[in-house]
1. Could you give log10 I(q)/I(0) at q = 0.12, 0.14, 0.19, 0.21 Å⁻¹ for the stretch 1-52, computed by the Debye formula over C-alpha point scatterers of equal weight, without solvent?
2. From the backbone phi of the stretch 81-88, what are the Karplus-calculated ³J(HN,Hα) couplings (6.51 cos²θ - 1.76 cosθ + 1.60, θ = phi - 60°) in whole Hz, Gly and Pro given as x?
Amino acid sequence: KLRLLYEAAPMAFLVEQAGGLALTGKTRIMDLVPQSVHQRVPVLLGSPDDVREMRKYYDAFTGSKEMEGEEARRIRERCFTRLTPGQLLDTTMDKVPDSVAIDSTGDGTVDSVPRRFRRPRQCRL
């Protein structure tokens, strides 16, 4: 995540002027209205083709309704091959793990990533 006002927005402006795309994963960075001076946003920058491909991975992994069917299944499988069972994941990009990679078949490979689990609070002695 980069700071919107003085990192993400200036780079997004330059990339778009050069013919590329700059997204947060959901919207154009240049369409965002800052909520605070130090607001942070996810950033996808690059050529239109590369950013659209990355958006497909983002949509497939987050379970977007736009990404259903065979292509979404193949993308999820490709993403899962990079995970290890039990690996904690930050799917909301807020620096706090909110999901875990699961091997439900026992074959040593990840086959699902359930959404949003609550981390147990640590006991203070």
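Read-outs throughout are calculated quantities, based only on the coordinates presented, and are distinct from any laboratory measurement. Computed from a predicted structure; not experimentally measured.
1. -0.21, -0.29, -0.53, -0.64
2. My calculation for the stretch 81-88 gives 5, 8, 9, 10, x, x, 5, 7 Hz in order.
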